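A.B. asks: Following this message is one structure expressed as structure tokens.
All of the numbers you see were taken from the coordinates with simple rules; none came from a lab. As the structure is a prediction and not an experimental result, all values here were calculated from the model. Neighbour counts run over all protein chains shown; Cβ positions are idealised from the backbone, glycine included.
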Amino acid sequence: MLKLDRVSKVYKVGVFGGRDLTAVRDTSFEVRPGEVVSLIGESGSGKTTIGRMVLRLTSTSGGTITLDGVDVSTVKGGALKGYYRKVQGVFQDPFSSYNPIFKADRVFAMLKDTYFPQLGAAEWRRKVGASLEAVRLDPDQVLGKYPHQLSGGQLQRMLIARALLLDIRLLVADEIISMLDASTRIDVLNLLADLKARGLGILFITHDLSLGNYVSEQTVILRRGTVVEMGATDRVFGNPLHPYTRKLLASVPRLHRKWEPLEPEPEPPAGDGQALVRAEDDHFVAGGVAG
């Protein structure tokens, strides 16, 4: 469904844009229908930039992103509206998506004006209600409320409900639970699992390895804009091959013992940017570092 082929993004930085900053370098992976792919890395690894390029919020500097074989960079005008019927994003801070002076359900009204102008008021209310119930929200409890009257979890699920109104095929979920409390996180994760079971493809962007392990079938590990390891989640987590992946996994807090300083590891070799090589079936690692 979604395919990234050697995608790169370079920003111009410095005085008068005199220097290049490579945020993403030669990144390739796929997201299939009914599959959750976790894109994992520390801050500054290029995760959000990739999500923004998929959503057409940022242009690519090289490579191609295709949806059903169509290069998304060529989608313009009226076709772009059709693209957003298939692909939507939900971001880290739900409060930033709402105007505090308007009721929260205004995000649905804006969608109606653009995509469903032909629907009558009663039919639209039924459609919105069904979408809210699909994300485990009671329409009577959330409609007509201002953002400050709802929790972060409710606001986040309303944004997912908004995306579902379009019958989307791909959801870009960028750190969507990092601002939620622990009890609400599991509700949103289980909601994503339900959506996956319905055939929705999900690009789950996170810095939290435990969340990626919980929700995804495939994992892509990013370091400084480059994919260093990817494959089936159980293989990447069960047998990490790249030193950076091992370091990330060693940093995950464990409930059964107190924190202990990690032993310093040598920096991975400069060959981070080498092409991935197959280490096992569907398990890839940056060339020259496995073992």
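A.B. asks: Suppose we keep just the DSSP beta bridges with both residues in the chain; what percent of those would be antiparallel, to 5?
C.D. replies: Details: 29 of 47 bridges.
The antiparallel proportion sits near 60 percent.
A.B. asks: At a threshold of 8 angstrom on Cα-Cα distance, excluding pairs fewer than six apart, so keeping six or more, what relative contact order does the stretch 2-216 reach in percent? Each step should come with its number before you reach the end.
C.D. replies: Numbers: 336 pairs, mean separation 62.5, N = 215.
Averaging sequence separation for qualifying contacts and normalising by length gives 29 percent for the stretch 2-216.
A.B. asks: Follow-up. Would you please put 193-199, 240-246 in order of how densely packed they are, using the mean number of other Cβ atoms within 10 angstrom per residue and starting with the highest?
C.D. replies: Details: 193-199: 14.0, 240-246: 21.4.
Top to bottom by mean Cβ count within 10 Å: 240-246, 193-199.
A.B. asks: Follow-up question, since we're still on this one. Taking the chain as the reference, fit the longest principal axis to its C-alpha atoms, fit the long axis of helix 182-197 to the helix C-alpha atoms, and give the angle between the two in degrees, 0 to 90, nearest 10.
C.D. replies: With rounding to tens, the tilt is 90 degrees.
A.B. asks: What aspartates and glutamates could a cross-link reach from K9, if we take a straight Cα to Cα line under 12 Å and drop same-chain neighbours fewer than 8 places away?
C.D. replies: Once the sequence-local aspartates and glutamates are set aside, what remains near K9 is D20, D26.
A.B. asks: Another question, if that's okay. Select from S151, T27, I168 the residue farthest towards the positive end of the dipole of the stretch 2-216; place +1 on Cβ of Lys and Arg, -1 on Cβ of Asp and Glu, and compute about the Cα centre.
C.D. replies: I168
A.B. asks: Among 146-156, 119-129, what's the highest-first ranking by average C-beta atoms within 10 angstrom per residue? Kindly include the intermediate steps, with their values, before the conclusion.
C.D. replies: Values: 146-156: 18.1, 119-129: 13.3.
For the peptides 146-156, 119-129, the packing ranking is 146-156, 119-129.
A.B. asks: So what's the gap between the Cα centers of the stretch 40-119 and the stretch 13-33, to the nearest angstrom?
C.D. replies: 18
A.B. asks: Of V70, I177, L222, which is farthest on the positive side of the dipole of the chain, counting Cα position, with +1 on Lys and Arg Cβ, -1 on Asp and Glu Cβ, and the Cα centre as origin?
C.D. replies: The Cα lying farthest towards the positive end belongs to V70.
A.B. asks: I'd like the FRET efficiency for N190 and A275, computed as 1/(1 + (r/R0)^6) with the beta carbon distance as r and R0 of 30 Å, rounded to 0.05. Present the calculation step by step, with values, prior to reporting the outcome.
C.D. replies: Numbers: r = 37 Å, r/R0 = 1.24.
With a Förster radius of 30 Å, E is 0.20.
A.B. asks: Please build a GNM for the chain, connecting alpha carbons under 10 Å apart, and tell me which residue among V142, V90, V252 fluctuates the most.
C.D. replies: V252
A.B. asks: Here is a follow-up. Run down the aspartates and glutamates and flag those whose C-alpha is under 15 Å from the C-alpha of K145, throwing out any fewer than 8 positions away in its chain.
C.D. replies: K145 reaches D105.
A.B. asks: If you place +1 on the Cβ of every Lys and Arg, -1 on the Cβ of every Asp and Glu, and leave all else neutral, what size is the dipole of the chain about its Cα centre, to the nearest 20 Debye?
C.D. replies: Details: 37 positive and 33 negative charges, 181 e Å.
I would put it at about 880 debye.
A.B. asks: Using a simple spin-label model with points 7 Å from Cα along the Cα→Cβ vector, what separation in nm is obtained for K76 and F16?
C.D. replies: A separation of 3.0 nm, rounded to one decimal place.
A.B. asks: Give me the number: length gained by fully extending F95 to R32, i.e. 0.36 nm times residue separation minus the C-alpha to C-alpha distance, one decimal in nm.
C.D. replies: Details: separation 63, 0.36 × 63 = 22.68 nm, distance 3.00 nm.
So the chain would gain 19.7 nm between F95 and R32.
A.B. asks: Follow-up. Given C-alpha coordinates of the chain, what is the ratio Rg to Rh with the Kirkwood estimate of Rh? Let's see the in-between values first.
C.D. replies: Working: Rg = 20.2 Å, Rh = 20.4 Å.
With Rg and the Kirkwood Rh in hand, the quotient comes to 0.99.
A.B. asks: Just grab the label-to-label distance for F102 and E133, each label 7 Å out from Cα along the Cβ direction, in nm (one decimal).
C.D. replies: Those two pseudo-labels are separated by 2.7 nm.
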